[in-house]
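Participant: Pasting a structure here, questions to come.
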Amino acid sequence: MVGCGEGGGASTVSEEAEQGSDNEKRGAARRTLVVLPTYNERENVRPLAEALLALGSHIEVLVVDDNSPDLTGQAAMELSREQARVRVLLRPGKMGLGTAYLAGFRYALKGDYERVITMDADFSHSPSYVPDLLATAERYEVAIGSRYVARGGTRNWDWRRRMMSRISNWMTRRLLGLPARDCTAGFRCYRREALERLPFEEIKVRGYSCLVEILYHLVRQGCTVGETPIIFVDRRAGRSKISLREVLGGVGLLLRLRRAYGRLPKVAGGEAEAART
Ligand SMILES: Nc1nc2c(ncn2[C@@H]2O[C@H](COP(=O)(O)OP(=O)(O)OP(=O)(O)O)[C@@H](O)[C@H]2O)c(=O)[nH]1
Ligand SMILES: [Mg+2]
């Protein structure tokens, strides 16, 4: 795990291993809502939700579907009739990934969830990393499933996609001073206390770049951030929805945040050493 924003001193490997297993036990007991934004994920939604539910009875799933033309919403509704731990939020039309996350956060805050996980519904984010994310969230208010820490990475991406992702992360870190290595990752676990501090009304982006905007505001509010490695695998089925417009919008966002609030100050101690989850 790579962490930032925490001042804790060094600990030995055996202490960390012990702490790691305690964290896992604690994380494994907390009521957790996994928010799955979907747009044309009909083939993925059921197997993914079932894999998540199989992780334990503390896990619940909220599918946020934007009236997908492939009837993902209908498939999710069928599943929710079979599984009490699956809920569906049906929205009338494509409103963007960012607003889907915010809708999921609001839903979680109305309920008594202690943790909220967001992940793509196309198996790029493997459910097998959820326990690591929950364990990391025991130590940090925001846990990121990170492609850009040791043992993290991407699979099946062409060089264009790899370059685009690297450049946007590099620009985000440089312009905004965000302490994470993977600022654009959508695989995250937020503690309830972090979401309670999120200034919802300041989140303006409706699309993908909202991930940067959310993280930036949380760090501004003083939230601690830790990263745990994941291998991001290109989608199993269906088509990508990222457009050039989204990419350009992302650059605009960085400039807007930088102008409005400035670069974040360096956290004491900077980015922490890599540690074990
Ligand atoms: N509810 C909702 N979900 C969306 C919207 N846009 C994208 N999604 C979902 O958000 C997640 C991420 O979108 P993807 O198209 O997979 O984007 P990506 O993973 O960055 O791109 P690929 O690697 O090409 O798949 C997926 O689960 C999508 O179905 C939207 O407007 N509304
Ligand atoms: Mg995807």
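All of the numbers you see were taken from the coordinates with simple rules; none came from a lab. All of these numbers come straight from a predicted model, not from anything done at the bench. Neighbour counts are summed over all protein chains in view; Cβ atoms, including those assigned to glycine, are modelled from backbone coordinates with ideal geometry.
Participant: If you scan the stretch 149-166, which residues turn out to be of a type outside the set (S, T, N, Q) and within 15 Å of ligand 1 (Cβ to nearest atom)? Explain how you work it out, then say what you get.
Facilitator: Of all residues in the stretch 149-166, those of a type outside the set (S, T, N, Q) come to 149-153, 155, 157-164, 166.
Across the stretch 149-166, the qualifying residues are G153, R155, W157, D158, W159, R160, R161, R162, M163, M164, R166.
Participant: Out of D122, D70, I need the residue that is surrounded by fewer than 18 Cβ atoms within 10 Å (Cβ to Cβ) and within 16 Å of ligand 2 (Cβ to nearest atom). Which one? Walk me through how you get there before you give the answer.
Facilitator: Details: D122 fails: surrounded by fewer than 18 Cβ atoms within 10 Å (Cβ to Cβ).
When all the criteria are applied, what remains is D70.
Participant: When residues of the stretch 185-212 are filtered for being in contact with an Asp or Glu (Cβ under 8 Å, 6 or more places away or on another chain) and within 16 Å of ligand 1 (Cβ to nearest atom), how many remain?
Facilitator: 8
Yes/no per residue for (1) hydrophobic (A, V, I, L, M, F, W, C); (2) outside any loop (DSSP other than H, G, I, E, B):
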residue: E43; (1), (2): no, yes
residue: V63; (1), (2): yes, yes
residue: R81; (1), (2): no, yes
residue: F105; (1), (2): yes, yes
residue: D112; (1), (2): no, no
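Participant: If you don't mind, there's one more thing I want to ask. I'd like to check something: does the stretch 143-155 contain any residue that is in contact (Cβ under 8 Å) with a residue 60 or more places away in the chain, more than 16 Å from ligand 2 (Cβ to nearest atom), crowded, with 18+ Cβ neighbours inside 10 Å and charged (D, E, K, R)?
Facilitator: No, every residue in the stretch 143-155 fails to be in contact (Cβ under 8 Å) with a residue 60 or more places away in the chain, more than 16 Å from ligand 2 (Cβ to nearest atom), crowded, with 18+ Cβ neighbours inside 10 Å and charged (D, E, K, R).
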